[in-house]
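What follows is one structure encoded as structure tokens, with my remarks underneath.
Nothing in this text is a laboratory measurement; each read-out follows from the coordinates by a stated rule. Note that this is a predicted model, so its numbers are computed, not measured. Here Cβ is always computed from backbone atoms with ideal geometry, including for glycine, and neighbour counts include all displayed protein chains.
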Amino acid sequence: MSHVAIRLIAHADAEALLAFETANRAFFRTMVPDRPDHYYTLQNMHSSIEGALAEIAARTWYPYLIWDQEGALVGRINLSEMNGPVASLGYRIGQAYNGKGYATAAIRQVLAEAFGRWGLCEARAVTTVANIGSQIALLRNGFQFVRRVPQELHVNHIWYDSVHFTKVKSDVHGV
């Protein structure tokens, strides 16, 4: 999907990010813990972006936004939990854009950033067992299954089994 672009978060993204998060709040709370009401304010988006920019400068977190060819914000993808040359990969795609290849394309692009620009050697990802779409996106990008962990993820008062994946730099061809 060549019409997908990722870009590190910037001050100018606050309004688009607020609209994206607000529009997808109910959908996201089925997968991740719900955020408090004060999260969904423009002031908080500016504050969150300021914090993200500080973490980018410190090389501890790389939060990207995913955009479609019309310039609509369709998702988020992050490299976080930096541990030397290893990072955790996390992402979420807005409900209207699920199942259309955006995650697969964004993962491919963020891996190029991770293994190129940021000099990382390994990316790890975790999904719930039921999140088959996410697992497919990871596998399409060369991630390997590592293990299943029973009752590891606690989301909104429910425990879920998790599935762990990894991708090492040597697996990347041409990157």
Next on the checklist: Can you compute the helix-only [θ] at 222 nm over the chain? Use -39500 (n - 2.57) per DSSP H run of at least 4 residues, normalise by all residues, nearest 500 deg cm²/dmol.
Outcome noted: -8500 deg cm²/dmol
Checklist entry - Between V74 and residues 5 or more places away or on another chain, which pairs have amide H atoms under 5 Å apart, with H built 1.01 Å from N, and which residues are they? => result I66, W67, D68
Item to check | Rule-of-thumb Rg ratio for segment 89-175 [Cα; 2.2 N^0.38 Å; N residues] | outcome: 1.12
Checklist entry - If we restrict to alpha carbons, what Rg and Dmax does the chain come to, in Å? => result 15.7, 44
Item to check | Between segment 56-85 and segment 104-175, the Cα center-to-center distance that results, in Å | outcome: 14 Å
Checklist entry - Order of S47, S88 from fewest to most other C-beta atoms within 10 Å? => result S47, S88
Checklist entry - For Y64, Y39, what's the fewest-to-most ordering of other Cβ within 10 Å of each Cβ? => result Y39, Y64
Checklist outcome for this item: Scoring the chain by relative contact order with C-alpha pairs under 8 Å, at least six apart, yields a percentage of 19 percent
